[in-house]
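Below is one structure, written out as structure tokens, with a few remarks after it.
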Amino acid sequence: MFRFIKENSSTISKLTVYQFALTVFGLLLFTVSKYSQNAAITVGISVFSVLFYLFIIYTNIWEFGARDKIKMDGKRLKPRPMHGLLLGLVSNIPNYLFCIASTVGYVFIDRSIYTAEGNFTSPEWAVNLYAISHTVGSYLNGTYLGITETANIYMYPFTLALITLPAVAACALGYYFGTKEKFPIVAEKRNVDY
């Protein structure tokens with residue numbers, strides 16, 4: 001696993017940077033759409049930001065797969081059909097760590113003890129672990145915030161794992177189709193001399 005991370009560190013770090021950058025983009029769109037107080041607008045804008053995020057991931061991983069195809073055709077690299085899936089899973093490790101921490105906190109919260117406002121308070125370590133890890137994990141995936149909040153699944157820890165699935169699928173498909181040179185979304189750049 002560490003060898004895989006070391007060999008693909010630039011691609012993994014690029015995917016992580018895209019997630020952070022598009023999280024800011026998604027949070028800005030979510031904040032603006034929230035003021036409309038219209039659920040359809042909030043979901044629509046969130047779907048747009050998610051699709052834009054997946055588009056960025058797919059095109060970059062497609063190019064990575066197309067470069068690997070050249071190496072495979074030259075017999076310098078063996079085919080590795082699961083490589084895109086692994087890239088997607090490894091680049092989402094921070095999301096999975098927040099999901100695990102949030103789940104542990106959520107499971108140990110005593111739901112029989114709560115304040116007048118309906119907030120759970122015991123045990124304090126579980127409430128804090130859940131609240132901090134879930135909040136950070138949710139905002140780390142700000143592109144999905146409009147969808148999860150409107151669907152009222154925002155508070156459940158499984159959403160942090162669930163919302164990584166489209167990104168992992170985009171990586172897997174992008175790499176696979178890149179190695180086959182099929183379904184490029186963006187036209188190739190060509191150097192033309194006049």
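Considering only residues in region 130-145 that are over 19 Å from Phe25 (Cβ atoms) and aliphatic (A, V, I, L, M), the one that is surrounded by the most Cβ atoms within 10 Å (Cβ to Cβ) turns out to be Ala131.
For region 105-125, state whether one or more residues are at pLDDT 90 or above, closer than 30 Å to Arg3 by Cβ and surrounded by 19 or more Cβ atoms within 10 Å (Cβ to Cβ). No.
Among the listed residues Gly84, Gly105, identify the single one that is over 17 Å from Gly174 (Cα atoms), part of a helix (DSSP H, G or I) and touching a residue at least 12 places away in the same chain (Cβ under 8 Å). Reasoning before the result, please.
Values: Gly84 fails: over 17 Å from Gly174 (Cα atoms).
Being over 17 Å from Gly174 (Cα atoms), part of a helix (DSSP H, G or I) and touching a residue at least 12 places away in the same chain (Cβ under 8 Å) holds for just one of Gly84, Gly105, which is Gly105.
The values are calculated or read from the model by the stated rules, or taken from the named source; none is laboratory data. Quantities reported herein were computed from a predicted structural model and do not represent experimental measurements. Here Cβ is always computed from backbone atoms with ideal geometry, including for glycine, and neighbour counts include all displayed protein chains.
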